[in-house]
Amino acid sequence: MKLKSKTLSNVLKILLWVLAGFACADLVSSIVYTASLDAFTAYIYDFYGFVEIVSSVLYYIAAVVYLIWIYCVHLDMKAIFPSFARSPGKALACILIPVYNLFGIPSIYRMIGRSYLEETDGAKKEGRWICSLALPLLLFMMISNGLGRMVNQADELSGSMILILSLVTLILYMCFLILCIQVSRGLHIARLEIFSRQSNDFNAGDFEETTVGQPTAAH
């Protein structure tokens, strides 16, 4: 069984690594801005504008890829774990519906993490990572959105506020990246376990068929 989310997982990881790299550059620029406006204007301003433009474009691309990835991940979860309760469509609703997504986003990862913990032998570490990051992800998303609105509405940009926003953005991207890595790794391990179990069951059944009907040695 081929994982439907495998290719998208690799694409999303690349996008998130690039976004995390730009977030690091943004953080450094914010530190310079906070320390010295003159130095920022003289040496960083043009580079900072380039980082902002490219980051914005990559962010929207990554957002679209992320939604498709979540859909495919849930297709894989349903295929590997027949008892997995959440459908791909409901997973998208958990992310896209305002207010409901305050519950929905962490619940997506908690359900995936619990499935790894309860129904696999080799993906328990991945399950623990995913469950532990579910609430911090939501927390940093809320902080990032709130600070972003404050920065956009402010008449004068505060260096400390920009610095905090840059740091929160970097942490948020790293949370998404770690979750993407752990979810895809857990799916790979779970798929191998299912394949191994099916092979063992097939071999056991084949052995039983070959032994049935063979004469029993007389004692």
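The values are calculated or read from the model by the stated rules, or taken from the named source; none is laboratory data. What you see is a predicted model, and the numbers here were worked out from it, not measured in a lab. Note that each Cβ is placed from the backbone with ideal geometry, even for glycine, and that neighbours are counted across all protein chains shown. The accessibility values were calculated without ligands, DNA or RNA, using every heavy atom of the protein model including side chains. Shrake-Rupley method; radii C 1.70, N 1.55, O 1.52, S 1.80 Å.
Looking at the chain as a GNM with Cα springs under 10 Å, which of Val183, Val11, Val99 has the largest mean-square fluctuation? Result: Val99 has the largest fluctuation of those listed.
Three semi-axes describe the equivalent ellipsoid of the stretch 70-134; taken as square roots of 5 times the Cα gyration tensor eigenvalues and ordered largest first, they are 20, 14, 7 Å.
If each residue of separation counts as 0.36 nm, what is the full-extension length gain between Thr34 and Asp46 once their alpha-carbon separation is subtracted? Before the final figure, lay out each step's value.
Numbers: separation 12, 0.36 × 12 = 4.32 nm, distance 1.65 nm.
My answer for the length gained is 2.7 nm.
Solvent-accessible area per residue for the chain at a 1.4 Å probe radius, Å²? List each step's numbers first, then the result.
On the way: 12610 Å² over 219 residues.
Counting only protein heavy atoms, the per-residue value for the chain is 58 Å².
Here the Gaussian network model covers the chain, with springs between Cα atoms less than 10 Å apart; of Ala39, Ala123, Ala134, Ala39 fluctuates the most. Compared with the dominant principal axis of the Cα atoms in the chain, helix 6-35 is inclined by about 20°.
Give me the percent of the accessible area of the chain that comes from carbon and sulfur atoms, probe 1.4 Å, all protein chains in place. The partial results should precede the final answer.
Working: 8300 of 12610 Å².
That fraction is 66 percent.
Helical content alone sets the calculated 222 nm signal of the chain at -29500 deg cm²/dmol, taking -39,500 (n - 2.57) per DSSP H segment of four or more residues and averaging over every residue. For the stretch 78-187, averaging the sequence separation of C-alpha pairs within contact (under 8 Å, six or more residues apart) and dividing by the residue count gives a relative contact order of 23 percent. Can you give the log10 of the normalised intensity I(q)/I(0) at q = 0.16 Å⁻¹, computed with Debye over equal Cα scatterers of the chain? Normalising to I(0) and taking log10 leaves -1.07.
May I ask for the percentage of alpha-carbon pairs in the stretch 1-55 that lie more than 16 Å from each other?
Details: 776 of 1485 pairs.
More than 16 Å apart: 52 percent of the Cα pairs in the stretch 1-55.
The residues neighbouring Leu58, those whose beta-carbon lies less than 15 Å from its own, together hold a net charge of -1 under the Lys/Arg +1, Asp/Glu -1 convention. For the chain, the relative contact order comes to 26 percent (Cα pairs under 8 Å, sequence separation of at least 6). Annotation: Ile14 carries an accessible surface of approximately 110 Å², with a 1.4 Å probe and no ligand, DNA or RNA atoms counted.
Relative contact order of the stretch 60-138, taken over Cα pairs closer than 8 Å and 6 or more residues apart, is 21 percent. Comparing mean-square fluctuations of Ser184, Ser56, Ser107 from a GNM of the chain with C-alpha springs under 10 Å, the top value falls on Ser56.
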